[in-house]
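S.K.: I'd like to ask some things about the structure below.
The values are calculated or read from the model by the stated rules, or taken from the named source; none is laboratory data. In this text the structure is predicted, and so the values were computed from the model without any measurement. Please note: Cβ atoms are built from the backbone with ideal geometry, for glycine as well, and neighbour counts cover all protein chains shown. To get the accessible areas, we keep the full protein, side chains included, count just its heavy atoms, and leave off ligands, DNA and RNA. Shrake-Rupley method; radii C 1.70, N 1.55, O 1.52, S 1.80 Å.
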Amino acid sequence: MDRRPGLSVRLKLAISYAALLLLAGAVLLAVVWLFLLRYVPREATTLGDPCEPGTAGRCPPTFFIPGQLDLWRAFAPKAALMMGLLLVLGLVGGWFLAGRMLAPLNQIAGATRIAAKGSLGHRIRMPGRSDEFRELADAFDSMLEQIEANVGEHQRFAANASHELRTPLATMQTLLDVAQRDPAGCTPELVDRLHFVNARAIDLTEALLMLSRTGQRSFTREPVDLSLTAEEAAETLLPLAERRGVDVQVSGELASAAGSPALLLQMAVNLLHNAIVHNRAEGGTVRVETTADAEAAVLTVENTGVVLRPHLVATLSEPFQRGTRRVHADHAGVGLGLAIVENIVKAHEGRLTLTARPEGGLRVEVRLPVAEAP
């Protein structure tokens, strides 16, 4: 933003200090004049008997009492000199003190300029005891850390998204090249393969769009019963569970959370889809339970499956991470299910907890702020 040049804050503070000292000096002079000099007679007075003729050298002592004009003539130059000294002292001392006080602000401004050039690793780390400037510096350091983490996460996400999108697009390009070289050999299997790869690319694109929308928090909060949401998600994914031989069990009590019904339904669908797909080949189960307490509404999803290591569980909510190395031909997923769930939970100011079950499988707990009673 273009602004007209003006006085620096340091100069303004120095002028303010000097003006304050001059005002204090003027008030002091006014007090002296009003409460002291008003008791002095206006005219000078001489006390004592005058000398009589012929008594030179033996005159009685006399006393001279100056008047207000005499005192003012003697006092005014000294007062003017003192006011000048106060002005110089105020400007010089104010300039020095303002520089000392504004030094932390200059550090923060310098760090801001460095960050504006793209160097997000710089930190102020201002020493000293806590005050307003140091609190501002600490808040700025925390903001830089958050921005640096977000930028790094976005860069990794963009790289992973590009890699994931490149795979189906490259596959489609290869299949199209084959069909172009041999138009007569365009078999139904080739068309089916193109259809499958194209559908996977569409699914990945839609998942990326959903992941970007869930972090915006631009939705209206309303009471949502997580028990009904879990039942609706289970009904939606029941055909997939039947094809895989997975038993889905939904139980629990009313758990009213404050949030978006559409996003919370998407969260439940993603959790159940993940639990069904990453399950035993035969005889797998998924248990869904809802509970509520005074502070949160809780949705818990547990499934059977292979034993997961703790370090792997910690990465499952990252984009494009899959819990197992198995890739299924149908509903394989794009590695964004739990990442979308985590974004939805964060947008609702909740907490997502992933825990590996000792006997195999995963336990996912979502705690959301409870809806206020109408």
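S.K.: Go through the stretch 346-370 residue by residue and tally those that are among the small types (Gly, Ala, Ser) and within 30 Å of the chain's Cα centre (by Cα).
M.R.: Adding up the residues that qualify gives 2.
S.K.: Of the residues in the stretch 239-282, how many are among the small types (Gly, Ala, Ser) and under 24 Å from Phe219 (Cβ atoms)?
M.R.: Result for the stretch 239-282: 8.
S.K.: Identify all residues within the stretch 236-267 that are in a helix (DSSP H, G or I) and closer than 25 Å to Val307 by Cβ; write none if there are none.
M.R.: Leu240, Ala241, Arg243, Arg244
Per-residue answers, yes or no, for (1) modelled with pLDDT of 90 or more; (2) of a type in the set (A, V, I, L, M, F, W, C); (3) within 24 Å of Arg243 (Cα to Cα); (4) surrounded by fewer than 21 Cβ atoms within 10 Å (Cβ to Cβ):
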| residue | (1), (2), (3), (4) |
| --- | --- |
| Ile276 | yes, yes, yes, no |
| Thr290 | yes, no, no, no |
| His311 | no, no, no, yes |
| Glu318 | no, no, no, yes |
| Gln321 | no, no, no, yes |
| Ala329 | no, yes, yes, yes |
| Glu342 | no, no, no, no |
| Leu354 | yes, yes, no, yes |
| Arg363 | yes, no, yes, yes |
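S.K.: Do we have Ile147 as aliphatic (A, V, I, L, M), in a loop (DSSP other than H, G, I, E, B), over 30 Å from Leu21 (Cβ atoms) and free of Cβ contacts under 8 Å to residues at least 60 places away in the same chain here? Show your work before the answer.
M.R.: Working: aliphatic (A, V, I, L, M): yes; in a loop (DSSP other than H, G, I, E, B): no; over 30 Å from Leu21 (Cβ atoms): yes; free of Cβ contacts under 8 Å to residues at least 60 places away in the same chain: yes.
Here the answer is no, as Ile147 does not meet what is asked.
S.K.: Any idea which residue in the stretch 234-249 is farthest from Ile344 (Cα to Cα), counting only those that are among the aliphatic types (A, V, I, L, M) and buried (at least 17 other Cβ atoms within 10 Å of the Cβ)?
M.R.: Step by step, filter the stretch 234-249, then rank; the result is Val246.
S.K.: Looking only at the stretch 250-274, filter to residues that are of a type in the set (S, T, N, Q) and under 30 Å from the mean Cα position of the chain (by Cα); which one of those is most open to solvent (accessible area, probe 1.4 Å)?
M.R.: Here the residue is Gln266.
S.K.: Let me spell it out: the conditions are (1) surrounded by 11 or more Cβ atoms within 10 Å (Cβ to Cβ); (2) of a type outside the set (A, V, I, L, M, F, W, C); (3) modelled with pLDDT of 75 or more, and Ser130 meets all of them except one. Which number is the exception?
M.R.: It fails just one condition, (1).
S.K.: Give the stretch 178-197 a look and list any residue that's part of a helix (DSSP H, G or I) and open to solvent by 50 Å² or more (accessible area, probe 1.4 Å), or say none. Explain how you work it out, then say what you get.
M.R.: First pass over the stretch 178-197, keeping only residues part of a helix (DSSP H, G or I): 178-181, 183-185, 188-197.
Result: Val178, Gln180, Arg181, Pro183, Ala184, Pro188, Glu189, Val191, Asp192, Arg193, His195, Phe196.
S.K.: Further, regarding this structure: Need pairs with beta-carbon distance below 7 Å; first residue closer than 17 Å to Val288 by Cβ and within the stretch 234-262, second surrounded by 16 or more Cβ atoms within 10 Å (Cβ to Cβ) and charged (D, E, K, R); sequence gap 6+ or separate chains.
M.R.: Pairs that qualify, where the first residue is closer than 17 Å to Val288 by Cβ and the partner is surrounded by 16 or more Cβ atoms within 10 Å (Cβ to Cβ) and charged (D, E, K, R), are Gln249/Arg287; Val250/Glu231; Ser251/Glu289; Gly252/Glu289; Leu254/Asp225; Ala255/Asp225; Ser256/Asp225.
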